[in-house]
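To start, I am sharing the structure in question, which I have written as structure tokens.
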Amino acid sequence: MNLNHKILYPVKGQQKNIFFSGKGGVGKTSMACITAVETAAKGFKTLLLTTDPASHIGSVLDCPITDHITNVEGQDNLYAVKIDQKKATEEYKEQVLKDAREKFDKTTIMAMEEELDSPCTEEMASFQKFVDYAGGADFEVIVVDTAPTGHTLRLLELPMDWSKQIQMKAGVSTGISKEDQAQKDRFDRVIDMMKDPEKTTFSFVMYPEKTPIVEAHRASKELNTLGIETQLAVGNLIIPEEHAVTPFFKNRREMQLKYLAEMKATFPKAAHLEVPMYGEEIKGLRMLREIGKSIFK
Ligand SMILES: Nc1ncnc2c1ncn2[C@@H]1O[C@H](COP(=O)(O)OP(=O)(O)OP(=O)(O)O)[C@@H](O)[C@H]1O
Ligand SMILES: [Mg+2]
């Protein structure tokens with residue numbers, strides 16, 4: 001399969017979203033940065049977005065990243081943004097409560113405040129930001145660096161919760177306002193885009209060992225129940241053959257090859273990408289470009 005075309009690049013006139021999920025520390029942030037630099041270098045206006053509050057994309061790109069879209073210096077067409085979950089949550093709560101204060105009494109507002117004080121609201125607020133970016137049509141490619149597994153799945157299940165909150169906001173009897181309806185429509189459009197394999201690539205990053213494969217498999221089955229197929233499985237940190245010269249590294253590499261085969265069997269419909277272990281930290285645009293060139297053929 002030609003990885004570049006189906007998985008990485010948008011169909012002409014469309015937007016492509018690429019999500020990197022996986023267990024903690026498998027290389028999601030590195031892969032997201034490599035991929036974003038690759039699509040930008042190919043001329044696609046690319047946004048690298050992170051929903052992980054702990055993400056270090058700024059240090060990988062060697063460029064300070066904030067919650068405002070920044071043009072990444074040194075790479076044409078590349079922009080990056082970090083969703084500030086706390087700020088997004090405050091804005092979201094304020095927005096919901098502002099409308100509600102005009103309509104409801106104190107007791108109802110207090111009940112709403114309590115309802116909004118849940119981790120679900122934080123995720124919803126982050127997702128709302130993602131919807132703003134993804135629904136904005138300003139970028140040809142959006143690469144998403146996610147927090148360790150679970151997060152992305154929750155996001156996709158959110159429309160249900162969101163509908164509930166919208167209902168709560170509007171009050172059962174008063175119906176949904178035009179503004180809320182417009183927001184919900186945009187939300188639904190992004191969800192549809194996320195479920196369309198031509199527009200969105202879901203990818204799991206693993207190192208070839210048992211637990212990352214098991215965890216990615218479990219998460220991909222959950223995605224399946226939402227009608228989403230995993231399209232790309234990345235086997236990261238593979239010891240290069242030329243360095244497997246001592247019994248220790250030979251053994252490790254053999255073990256890795258066995259698990260790479262297991263990955264292929266576990267994700268039979270996905271494209272597979274193998275990424276070698278590098279001798280140094282993955283950092284800086286030059287290194288990201290070089291890695292991109294060597295792994296995306
Ligand atoms: N192929 C590789 N070769 C060498 N180092 C790598 C490779 N892939 C990742 N690393 C290093 O491993 C560390 C973890 O990678 P990264 O931050 O991309 O993982 P992550 O999945 O985003 O982690 P987290 O779950 O904490 O967000 C980083 O220091 C990164 O430089
Ligand atoms: Mg990360």
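The values are calculated or read from the model by the stated rules, or taken from the named source; none is laboratory data. Predicted model, so just to flag it, every value in this text is computed and none were measured. Positions of Cβ are generated from backbone atoms using ideal geometry, with glycine treated the same way; all protein chains shown enter the neighbour counts.
For LYS221, work out the one condition from (1) among the charged types (D, E, K, R); (2) at pLDDT below 95; (3) surrounded by 12 or more Cβ atoms within 10 Å (Cβ to Cβ) it doesn't fulfil.
Condition not satisfied by LYS221: (3).
Right, another one. Pick from the stretch 165-200 the residues that are among the β-branched types (Val, Ile, Thr) and farther than 17 Å from GLN128 by Cα: which of them is modelled with the highest pLDDT?
Applying the filter and picking the extreme gives THR200.
Among the listed residues ILE7, ILE18, which satisfies the condition of being closer than 16 Å to THR230 by Cα, touching a residue at least 12 places away in the same chain (Cβ under 8 Å), within 16 Å of ligand 2 (Cβ to nearest atom) and in contact with a strand residue (DSSP E or B) (Cβ under 7 Å, 6 or more places away or on another chain)?
ILE18
Could I ask something else about it? Pick from ALA32, ALA100, ALA54: which is surrounded by 23 or more Cβ atoms within 10 Å (Cβ to Cβ), small (Gly, Ala, Ser) and touching a residue at least 40 places away in the same chain (Cβ under 8 Å)?
Just one listed residue meets the conditions, ALA32.
Among the residues of the stretch 49-89, count how many are within 16 Å of ligand 2 (Cβ to nearest atom) and under 18 Å from PHE139 (Cβ atoms).
Final tally of qualifying residues: 10.
Here's a follow-up. Would you mind stating whether TYR278 is in a loop (DSSP other than H, G, I, E, B), over 23 Å from the mean Cα position of the chain (by Cα) and aromatic (Phe, Trp, Tyr)?
It is true that TYR278 is in a loop (DSSP other than H, G, I, E, B), over 23 Å from the mean Cα position of the chain (by Cα) and aromatic (Phe, Trp, Tyr).
Restricting to the stretch 1-58, give me the number of residues that are modelled with pLDDT under 95, polar (S, T, N, Q) and part of a helix (DSSP H, G or I).
Final tally of qualifying residues: 1.
Scan GLY13, GLY43, GLY24 and give me the residue that is among the small types (Gly, Ala, Ser) and within 13 Å of ligand 2 (Cβ to nearest atom).
GLY24
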